[in-house]
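Only one structure is covered here, and it is reproduced in the block below.
The values are calculated or read from the model by the stated rules, or taken from the named source; none is laboratory data. Not measured: the values here are computed from a predicted model. Using ideal geometry, Cβ is built from the backbone for each residue, glycine included, and neighbour counts are taken over all protein chains shown.
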Amino acid sequence: MPRDPYEVLGVGRDASGQQIKKAFRGLARELHPDVNAHDPQAEEKFKEAAEAYEILSDDDRRATYDRYGHDGLRSGGYAPNFDAFGSIGDLFEAFFGGGGGSGARSGPMAGGDVAVAVEIDLLQAAEGATVEVAYEAVERCEHCHGNGAEPGTAIATCERCGGSGQLQTASRTPFGQMVRTVVCDICHGDGRVPEQPCRECRGRGRRAAQHKLDIYIPAGIANGQRIRLSGRGHVGEPGAPSGDLYVLVRVADDTRFVRDGDDLITALDVAAPLAALGGTVAVPTLDGTADVELEPGTQPGEIVTLRGEGMPSLSRARRGNLRVVVNVVIPRRLSGEQRELLEQLHATLTEENLRSDESIFAKLRRALGSQAA
Ligand SMILES: [Zn+2]
Ligand SMILES: [Zn+2]
């Protein structure tokens, strides 16, 4: 179990964003591999601090953690994945840009995010599922190892920008002369151009490729929720982190159940005589059937609640309930004999048989309200 991020950063639970940032900066400086090369634990400690910072610096994540702890974050699809950063130095750079220094250095561009959608059924949403997603993302070209030159050929300094990767343009404006710095359009900021561009990626050093990935969808996920996989998006420029992969999860409509948060609702047809007599009926559940005891005199719209037969909640604290709405079916197309029996029954009915124990408004409240037993 990971440690409490507040404890890792040494801040109180009511710490402000500024205090959290300050605490992390302090720790990061202390643990940075340039400073702390002799401590073999420094890297792990730094990762732990970075993880804590990632959680507490994001309002949504922090709120999720405060309510549900690490389990809530994990089952919500948040998984810190610092492997994408390569080395501890890159990781530090990704957080601060430029070795913990002060500044607005315009470094290599991080990779873009990729979005992909998957559809699962309700049972998969209830049990959790591993599904394969296929998507296209930019990756490093293996043929040229990302440098854009055909293997064995030279790489020359870019003539257009003289190797700086930047171009300056001066223009006259009503406010005076403006000098703008733009990325060189020939070398795209690299400062170097291959004499013979790689034939696989045409000199870009990166190329789009099909990716396949098994992803785990946690039990209890709802339609429209997204899972983020850090570092699985487009690869960044050399030295910059990759983008993230966002998986949009669609849960297909189910023919038997309607979902209401963690609860499931189903309708159960019960023939009118059985509703009057009461008895045991089988109700479909997510993974089979359950026997339900109907009281004699069960009325249309009455709700029987099966505790714990609903969806698991993402926080895994408890399962939701299955609410069974009784649909009393009045028999149609009667035979002569059935008709006779019903006529006999009808003739014997008294006020006492038809009196309701409950007003129609109480019934409506029950139907609309929460989990009537
Ligand atoms: Zn290449
Ligand atoms: Zn250039």
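Filter the helices (runs of 4 or more DSSP H) completely within region 287-373 down to those with at least 1 residues that are in contact (Cβ under 8 Å) with a residue 12 or more places away in the chain.
Working: elements: 336-348, 351-354, 360-368.
Output list reads 360-368.
If I filter region 188-221 down to residues being outside any loop (DSSP other than H, G, I, E, B) and modelled with pLDDT under 90, which single residue comes out as farthest from ligand 2 (Cβ to nearest atom)?
We begin by selecting, within region 188-221, every residue outside any loop (DSSP other than H, G, I, E, B); these are 192-194, 197, 206-217.
Now narrow it down to the ones that are modelled with pLDDT under 90: 192-194, 197, 206-209.
Working: ARG192: 8, VAL193: 7, PRO194: 12, PRO197: 14, ARG206: 17, ARG207: 21, ALA208: 24, ALA209: 26 Å.
So the residue we want is ALA209.
For region 219-251, which positions are aliphatic (A, V, I, L, M), touching a Pro at 6+ places or on another chain (Cβ under 7 Å) and under 20 Å from GLU54 (Cα atoms)? Before the answer, list the steps.
Step one: of region 219-251, the residues aliphatic (A, V, I, L, M) are 219, 221-222, 227, 229, 235, 240, 245, 247-249, 251.
Retained after the next criterion (residues that are touching a Pro at 6+ places or on another chain (Cβ under 7 Å)): 219, 240.
Answer for region 219-251, where residues must be aliphatic (A, V, I, L, M), touching a Pro at 6+ places or on another chain (Cβ under 7 Å) and under 20 Å from GLU54 (Cα atoms): just ALA240.
Looking only at residues that are among the polar types (S, T, N, Q) and closer than 29 Å to GLN210 by Cα in region 124-175, which one is farthest from the chain's Cα centre (by Cα)? Don't jump to the end; show me each part of the working.
Keep residues of region 124-175 that are among the polar types (S, T, N, Q), which gives 124, 130, 147, 153, 157, 164, 166, 168-169, 171, 173.
So of that shortlist, the ones also closer than 29 Å to GLN210 by Cα come out as 124, 130, 147, 153.
On the way: GLN124: 15, THR130: 14, ASN147: 34, THR153: 45 Å.
The selected residue is THR153.
State all residues of region 157-178 that are more than 29 Å from GLY112 (Cβ to Cβ) and either away from ligand 2 (no atom under 12 Å from the Cβ) or not in a loop (DSSP other than H, G, I, E, B) (or both); if no residue qualifies, say none.
The answer is ALA170, SER171, ARG172, THR173, PRO174, PHE175, GLY176, GLN177, MET178.
I'd like to know if region 162-179 contains one or more residues that are exposed (fewer than 15 other Cβ atoms within 10 Å of the Cβ), under 30 Å from LEU286 (Cα atoms) and more than 14 Å from ligand 1 (Cβ to nearest atom).
Within region 162-179 (the criterion being exposed (fewer than 15 other Cβ atoms within 10 Å of the Cβ), under 30 Å from LEU286 (Cα atoms) and more than 14 Å from ligand 1 (Cβ to nearest atom)), the answer is no, since none of the residues qualifies.
Against the definition (in contact (Cβ under 8 Å) with a residue 40 or more places away in the chain and more than 16 Å from ligand 2 (Cβ to nearest atom)), how does ALA126 come out, yes or no? Spell out the reasoning first.
Numbers: in contact (Cβ under 8 Å) with a residue 40 or more places away in the chain: yes; more than 16 Å from ligand 2 (Cβ to nearest atom): yes.
Judged against the criteria, ALA126 is a match.
VAL183: within 16 Å of ligand 2 (Cβ to nearest atom), more than 15 Å from the chain's Cα centre (by Cα) and β-branched (Val, Ile, Thr), yes or no? Quick ask: steps written out before the conclusion?
Numbers: within 16 Å of ligand 2 (Cβ to nearest atom): yes; more than 15 Å from the chain's Cα centre (by Cα): yes; β-branched (Val, Ile, Thr): yes.
Yes, satisfied.
Being within 16 Å of ligand 1 (Cβ to nearest atom), outside any strand (DSSP E or B) and acidic (Asp, Glu) is the filter here, so list the residues in region 113-156 that pass it.
GLU142, GLU150
How many residues are touching a Gly at 6+ places or on another chain (Cβ under 9 Å) and under 21 Å from ASP185 (Cβ atoms) when one looks only at region 195-233?
9
Only helices (runs of 4 or more DSSP H) wholly contained in region 1-75 count here; list those with 1 or more residues that are among the basic types (Lys, Arg) and modelled with pLDDT under 85. I'd like the intermediate steps shown before the answer.
On the way: elements: 5-9, 17-31, 42-56, 59-75.
Filter on region 1-75 gives 17-31, 42-56, 59-75.
Starting from region 147-162, keep only residues that are touching a residue at least 24 places away in the same chain (Cβ under 8 Å) and charged (D, E, K, R), then list their pairs with residues that are part of a loop (DSSP other than H, G, I, E, B) and within 12 Å of ligand 2 (Cβ to nearest atom) whose Cβ atoms are within a distance under 7 Å, requiring at least 6 positions of separation or different chains.
Note: pairs meeting the criteria are ARG160/CYS184; ARG160/ILE186.
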